[in-house]
Amino acid sequence: MASLENHIKIHEHCKVSPPFASQHSLPLTFFDLFWLRFHPVERIFFYTLPNSQSHPSFFFQTIVPNLKSSLSLTLQHFLPLAGKIVWPSDSPKPFVQFNPDEDGVSLTIAHCDEHEHDDDDHRVFNKLLEYNSPQEVSLSRYFVPHLDSTDSFASIISIQVTFFPKSGFSIGISSHHAVLDGKSSTMFIKAWASTCKSLEETQSSPSLKPSLEPFFGREVINDPNDLESLFINIWHEISYKIDPNNSTKQRSLQIMLKSTASQHNLVRATFELKRVDLEKLNKRVLSKWNIVEKEPKMETSKPKKLSTFVLTCAYVFVCIAKANQQAKKDKEEKFACGFSVDCRARLDPPIAQNYFGNCVNTHIVETEYENFTHEDGLVIVAKKIYGKIKKMDEGVLEGMETLIYRLMAMKREGIQTLGVAGSTRLGVYEIDFGFGRPEKVEIASIDRGLTIGLAESKDLKGGVEVGLVLDKHVMGEFHSLFHEGLWFEE
């Protein structure tokens with residue numbers, strides 16, 4: 001598909017602020033500080049519209065004003081999101097600050113007009129909704145907004161609404177990971193959607209459901225090992241290594257983004273594991289549970305059933321590794337895998353599920369490089385992921401103090417970390433702004449690293465969607481391995 005650069009027209013750019021708001025600040029915890037300069041999480045929601053609502057006049061005169069009004073009303077409950085992260089010279093650590101006279105959420109309203117006057121005018125939109133069919137990785141980038149960051153401040157969220165004539169629209173959201181984890185960002189989007197739907201249907205703004213009312217109390221986060229100071233010092237070290245001659249940048253809030261210069265061979269695709277596929281994988285793994293990898297370090301009692309998360313990650317990671325091996329026969333790749341876990345229910349004492357902010361820890365799974373390409377790689381990797389999850393019962397924060405150093409060391413050694421973004425438990429396909437559920441939800445930011453994006457299947461029947469970005473030759477091998485593996489019968 002040709003570049004869309006000349007076909008995305010900016011209709012409007014503005015800031016949306018909550019009404020009647022006063023100055024507000026919010027501390028960052030060690031959970032937040034870990035992610036201080038990591039790339040933002042970028043997600044796109046695609047919605048179709050009926051013919052009566054898919055013309056420019058209706059969209060820009062009716063739908064856009066409702067999206068703006070409901071966003072402003074929702075921000076009353078989520079004041080920190082309208083502010084920015086700052087790090088004044090007299091403060092030992094950065095924090096979130098909202099100033100009503102100058103802050104607000106950046107909102108871009110755009111219009112995709114490629115072939116607008118041709119019979120095939122919704123070709124772009126249909127292409128974006130496809131599954132299994134790889135597309136240029138840059139295509140999704142036209143529909144996610146830039147998130148501002150400098151040495152002195154970082155915005156927290158930015159939003160782009162893009163209209164596709166005669167088809168529908170997308171909502172792209174960039175979220176700063178130092179303020180929102182997946183649970184928090186989804187809570188905000190659900191609250192916005194709920195408010196917008198009410199305005200569409202009744203012209204009134206209801207109070208939020210209790211599950212969507214954010215709890216910002218930082219006093220519930222205990223830090224007995226002073227991880228807060230540790231992470232601040234680590235970011236000082238990283239800033240110094242980037243620019244040792246500029247001491248003023250040691251408090252930099254500039255987001256560190258992976259260069260996009262090497263992305264010309266990358267493609268993006270979404271695959272689905274249906275409930276029946278997961279059941280087949282579960283049976284396959286458990287049938288060999290007590291046969292494969294029986295050394296003491298792998299001793300984990302055989303479960304009655306493996307979770308969707310374990311089965312999906314093991315299967316997709318193994319397919320990626322084997323696809324790399326087949327596509328790059330002259331180059332041996334080294335892989336490890338890791339995932340983030342929600343700590344809210346696992347802390348002692350547990351904290352509320354509507355706690356708003358980061359409350360996740362990333363765990364690296366102890367695997368050997370050859371585990372992924374072994375004949376029984378699916379069983380080996382599934383057992384190791386399952387064992388890591390069971391071990392978290394002993395302490396969900398274990399290893400957090402050394403995690404950044406471990407990730408940096410792995411990068412120096414040429415080890416690629418297979419990561420996970422999103423979750424099947426977030427309910428992204430339930431998010432209805434008043435125009436029905438999304439046709440597709442995509443985590444655009446998985447192109448920043450070797451990361452898979454997870455969501456529940458659109459049909460809500462127990463399956464899982466997996467988004468990934470790979471070299472186009474590797475993607476071809478992955479496509480074959482992924483589907484052939486599901487046809488396999490024991």
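How high is the relative contact order of the chain, in percent, with contacts defined as C-alpha pairs under 8 Å that are six or more residues apart? RCO, the chain: 21 percent. Looking at the square roots a ≥ b ≥ c of the eigenvalues of the Cα gyration tensor of segment 153-292, which shape do they give, rounded for a/c under 1.5, prolate if a/b is larger than b/c, or oblate? Here segment 153-292 falls in the rounded category. Candidates Phe30, Phe60, Val379 compared by Cα position along the dipole of the chain: farthest toward the positive end lies Val379, with charges placed on Cβ. Count Lys and Arg as plus one, Asp and Glu as minus one, and take only other residues whose Cβ is under 12 Å from that of Lys68; the net charge is then 0. For segment 138-229, a crude dipole built from +1 on the beta carbon of Lys and Arg and -1 on the beta carbon of Asp and Glu, taken about the Cα centre, is about 620 debye to the nearest 20. Listed by chain and number, the aspartates and glutamates whose C-alpha is less than 20 Å from the C-alpha of Lys331, apart from same-chain residues fewer than 8 away, are Glu368, Glu370, Glu375, Glu413, Asp471, Glu477. The portion of the accessible surface of the chain made up by carbon and sulfur, rounded to a whole percent, is 50 (1.4 Å probe; DNA, RNA and ligands excluded).
Pairs of alpha-carbon atoms within less than 8 angstrom and 6+ residues apart define the contacts here; what relative contact order does segment 316-461 have, in percent? Rounded, it is 23 percent for segment 316-461. The mean accessible area for residues of segment 288-384, using a 1.4 Å probe and ignoring ligands and nucleic acids, is 46 Å² per residue.
For the chain, what are the DSSP H helices with axial Cα length of 27 Å or more and mean Kyte-Doolittle hydropathy of at least -1.0?
Counting only whole DSSP H runs, the qualifying helices are 182-202, 308-327.
For Asp151, the solvent-accessible surface with a 1.4 Å probe is about 60 Å², rounded to the nearest 10.
Rounded, prolate or oblate for segment 177-241? Axes are the square roots of the Cα gyration tensor eigenvalues, ordered a ≥ b ≥ c, and the cut-off for rounded is a/c under 1.5. Cα axes put segment 177-241 in the prolate bin. Taking a Cβ cut-off of under 11 Å around Val441, the surrounding Lys, Arg, Asp and Glu residues balance to a net charge of -1, with basic ones at +1 and acidic ones at -1.
Are there GluC sites (Glu not before Pro) in segment 373-432 that DSSP marks as loop and that have at most 10 other Cβ atoms within 10 Å, and which are they? Intermediate results must be reported in sequence, preceding the final value.
Values: sites: Glu375, Glu394, Glu398, Glu401, Glu413, Glu430; in loops: Glu375, Glu398, Glu413.
Answer by residue number: Glu375, Glu413.
Computed over the chain, the convex hull of the alpha-carbon atoms projects to a mean area of 24.5 nm².
Loop only by DSSP, 13 or fewer other Cβ within 10 Å of the Cβ. Give me the trypsin sites (Lys or Arg not before Pro) in segment 387-490 that pass, ordered by residue number. Counting only loop positions with at most 13 other Cβ atoms within 10 Å, the trypsin sites (Lys or Arg not before Pro) in segment 387-490 are Lys461.
Using only side-chain charges placed at the Cβ, +1 for Lys and Arg and -1 for Asp and Glu, the dipole size of the chain relative to its Cα centre rounds to 840 debye. Surface exposure of segment 406-460, expressed per residue as accessible area with a 1.4 Å probe, stands at 40 Å².
Between the alpha-carbon centres of segment 139-193 and segment 1-58 there is a gap of 3 Å. From helices alone, the chain scores -8500 deg cm²/dmol at 222 nm; the rule is -39500 (n - 2.57) for each run of n ≥ 4 DSSP H residues, then divide by the residue total. Extension gain for Asp148 to Leu460 (0.36 nm times residue separation, less C-alpha to C-alpha distance): 108.8 nm.
When the Cα gyration tensor is reduced to axis lengths a ≥ b ≥ c, the ratio a/c is 1.5 or higher for segment 48-189, and with a/b above b/c it is classed as prolate.
Placing +1 on the Cβ of every Lys and Arg and -1 on the Cβ of every Asp and Glu, with no other charges, gives segment 1-131 a dipole of roughly 620 debye about its Cα centre.
Neighbours of Ser138 by Cβ distance under 12 Å: Lys/Arg scored +1, Asp/Glu scored -1, total -1.
Relative contact order for segment 55-112: 24 percent, from Cα pairs under 8 Å spaced at least 6 residues apart, divided by residue count.
The values are calculated or read from the model by the stated rules, or taken from the named source; none is laboratory data. The structure displayed is predicted, hence computed values, not measured ones. Quick reminder, even Gly has a Cβ in these numbers, built from the backbone with ideal geometry, and neighbours come from all protein chains shown. Areas reflect the complete protein model, heavy atoms only, side chains present, ligands, DNA and RNA absent. Shrake-Rupley method; radii C 1.70, N 1.55, O 1.52, S 1.80 Å.
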